[in-house]
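S.K.: Attaching a single structure in structure tokens format; questions to follow.
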Amino acid sequence: MTTNGRTVVDAANCHHLLGGPIDHMPRLLIESYALRFQVYCRERKFLPAENYPNRLELDEFDAHSIHVGVVDMHGVLAGTARVVKPSELGLPLLRRCTMFPHEAGFDGRDRRVVEVGRLTVSRSYKRPGEDLDAAGMRRRGRDDVLLTLLKALYQQTKRLGATHWLAATEVSLPRLLARHGFPCRAIGPEADYFGMVTPYALDLKEFDDVILSRRFPVLDQFLIGLEPEFSPVPDQAGDELASTGGASAYASGPSLGSASHGC
């Protein structure tokens, strides 16, 4: 699928999933707002459902955001997230959270710092051919969706020229991401922001180095489909990549607009 010559849903990393920007895909964008309503208002009750009579959860920051989605092989939306770009509104996290004194640089003035949020995965998603009643299967399926969403977020923020992600989340998510190599760090105390959450930052240069190190094979997929001008440049990891053939590995694999058949 393309718009203005650019592929808008690119290769995913797991089991017939497609992930990418959906702002020029009205059906999926509306479905993403509906999924957010289901999770934030109905399931987690972070927001009062009566404030959204059309059952679509969106706010003033969505006009300044890039929205990404993950669809399955049948075109069903399995997950969504957004990248809030700096604007005259600032970033939503900065309205609710405070920073540690040594993290004062995250004040909303650096336009290379973006906020990643509304990370939402459908509870009903399952891998093709798997039993929806098997809780373990459902968890693995949702992990696939999460990693595909994160790949889409990574590629879109690289195209923006962003240097850092900010996110407000429960501590369980950064712990999960750390197992996949994401170098998240807390930058402020816990705050009440749609539930009790902690503000975190992710330095994309540090994350680039993790990807290039190839210590976490699942991250190899994050570079497939990313244009060369936005791809990380090996520095100290370069010798290791050259010796293992890693540089050529990133150039192969599924083309944009296709689905991979495994993690």
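The values are calculated or read from the model by the stated rules, or taken from the named source; none is laboratory data. Only a predicted model underlies this, so the values are computations on that prediction, with no experimental measurement involved. No Cβ is skipped: glycine too gets one built from the backbone with ideal geometry, and neighbour counts run over all protein chains shown.
S.K.: Could you look through region 214-263, keep only residues that are in a helix (DSSP H, G or I) and among the β-branched types (Val, Ile, Thr), and pick out the one that is modelled with the highest pLDDT?
M.R.: So the residue we want is Val218.
S.K.: Among the residues of region 13-28, which ones are under 17 Å from the mean Cα position of the chain (by Cα) and surrounded by fewer than 20 Cβ atoms within 10 Å (Cβ to Cβ)? Spell out how you get there, then give the answer.
M.R.: Within region 13-28, the first condition is being under 17 Å from the mean Cα position of the chain (by Cα), and the residues that meet it are 13-14, 17-23, 28.
Correct list: Asp23 only.
S.K.: Also: Taking only region 188-239 into account, find how many residues are out of contact with any strand residue (DSSP E or B) (no Cβ under 9 Å at 6 or more places or on another chain) and over 15 Å from Arg159 (Cα atoms).
M.R.: Number satisfying all stated conditions: 22.
S.K.: Answer yes or no: is there a residue in region 120-128 that is aliphatic (A, V, I, L, M) and either in contact with a Leu (Cβ under 8 Å, 6 or more places away or on another chain) or at pLDDT 85 or above (or both). Even if it seems obvious, please write down each step before you answer.
M.R.: Initially, region 120-128 is screened for residues aliphatic (A, V, I, L, M), giving 121.
When the remaining residues are screened for being either in contact with a Leu (Cβ under 8 Å, 6 or more places away or on another chain) or at pLDDT 85 or above (or both), the result is 121.
Within region 120-128, one or more residues are aliphatic (A, V, I, L, M) and either in contact with a Leu (Cβ under 8 Å, 6 or more places away or on another chain) or at pLDDT 85 or above (or both).
S.K.: Can I ask one more? Working only within region 196-213, note down all residues that are under 15 Å from the mean Cα position of the chain (by Cα) and either outside any helix (DSSP H, G or I) or of a type in the set (Gly, Ala, Ser) (or both).
M.R.: Tyr200, Ala201, Leu202, Asp203
S.K.: Quick one: count up the residues across region 164-173 that are buried (at least 16 other Cβ atoms within 10 Å of the Cβ) and either hydrophobic (A, V, I, L, M, F, W, C) or over 22 Å from Ser65 (Cα atoms) (or both).
M.R.: 5
S.K.: Please pick out the residue among Gly105, Gly117, Gly161, Gly181 that is under 27 Å from Ile211 (Cβ atoms), out of contact with any Cys (no Cβ under 6 Å at 6 or more places or on another chain), surrounded by fewer than 15 Cβ atoms within 10 Å (Cβ to Cβ) and at pLDDT 95 or above. If you could, list the steps in order and put the result at the bottom.
M.R.: On the way: Gly105 fails: at pLDDT 95 or above; Gly117 fails: surrounded by fewer than 15 Cβ atoms within 10 Å (Cβ to Cβ); Gly181 fails: surrounded by fewer than 15 Cβ atoms within 10 Å (Cβ to Cβ).
On inspection, the qualifying residue turns out to be Gly161.
S.K.: Within region 77-90, does at least one residue satisfy the condition of being at pLDDT 95 or above, touching a Leu at 6+ places or on another chain (Cβ under 9 Å) and in a loop (DSSP other than H, G, I, E, B)?
M.R.: There is at least one residue in region 77-90 that is at pLDDT 95 or above, touching a Leu at 6+ places or on another chain (Cβ under 9 Å) and in a loop (DSSP other than H, G, I, E, B).
S.K.: Hey, among Ile211, Ile187, which residue is β-branched (Val, Ile, Thr), buried (at least 18 other Cβ atoms within 10 Å of the Cβ) and over 29 Å from His16 (Cα atoms)? Walk me through how you get there before you give the answer.
M.R.: Values: Ile211 fails: over 29 Å from His16 (Cα atoms).
Within the list Ile211, Ile187, the selection yields Ile187.
S.K.: With respect to Arg27, determine if the residue is part of a loop (DSSP other than H, G, I, E, B), of a type in the set (Lys, Arg) and at pLDDT 95 or above. First the steps, then the outcome.
M.R.: On the way: part of a loop (DSSP other than H, G, I, E, B): no; of a type in the set (Lys, Arg): yes; at pLDDT 95 or above: yes.
The answer is no for Arg27.
S.K.: Among Arg142, Arg185, which is the only one that is touching a strand residue (DSSP E or B) at 6+ places or on another chain (Cβ under 9 Å) and within 17 Å of Thr120 (Cβ to Cβ)? Don't jump to the end; show me each part of the working.
M.R.: On the way: Arg185 fails: within 17 Å of Thr120 (Cβ to Cβ).
That would be Arg142, the only listed residue that is touching a strand residue (DSSP E or B) at 6+ places or on another chain (Cβ under 9 Å) and within 17 Å of Thr120 (Cβ to Cβ).
S.K.: Same structure again: Would you point out the residue of region 80-102, among those that are aliphatic (A, V, I, L, M) and within 21 Å of the chain's Cα centre (by Cα), that is surrounded by the fewest Cβ atoms within 10 Å (Cβ to Cβ)?
M.R.: First, pick out the residues of region 80-102 that are aliphatic (A, V, I, L, M): 81, 83-84, 89, 91, 93-94, 99.
Add one more test, that the residue is within 21 Å of the chain's Cα centre (by Cα), and what stays is 81, 83-84, 91, 93-94.
Numbers: Ala81: 26, Val83: 22, Val84: 22, Leu91: 22, Leu93: 25, Leu94: 18.
For region 80-102, the residue satisfying everything is Leu94.
S.K.: Counting only residues that are surrounded by fewer than 21 Cβ atoms within 10 Å (Cβ to Cβ) and aliphatic (A, V, I, L, M), which one in region 215-229 is farthest from Gly20 (Cα to Cα)?
M.R.: Once the filter is applied, the top-ranked residue is Val218.
S.K.: Now for a different question. Look through Ala49, Ala34 and report the one residue that is farther than 26 Å from Lys205 by Cβ, aliphatic (A, V, I, L, M) and within 21 Å of the chain's Cα centre (by Cα). Quick ask: steps written out before the conclusion?
M.R.: On the way: Ala49 fails: within 21 Å of the chain's Cα centre (by Cα).
Unique residue meeting the criteria: Ala34.
S.K.: Also: Across region 174-187, what is the number of residues that are part of a helix (DSSP H, G or I) and either in contact with a helix residue (DSSP H, G or I) (Cβ under 9 Å, 6 or more places away or on another chain) or free of Cβ contacts under 8 Å to residues at least 24 places away in the same chain (or both)? If you could, list the steps in order and put the result at the bottom.
M.R.: Just the residues of region 174-187 that are part of a helix (DSSP H, G or I), to begin with: 174-178.
The next check asks that each one be either in contact with a helix residue (DSSP H, G or I) (Cβ under 9 Å, 6 or more places away or on another chain) or free of Cβ contacts under 8 Å to residues at least 24 places away in the same chain (or both); those that pass are 175-178.
Total meeting the criteria: 4.
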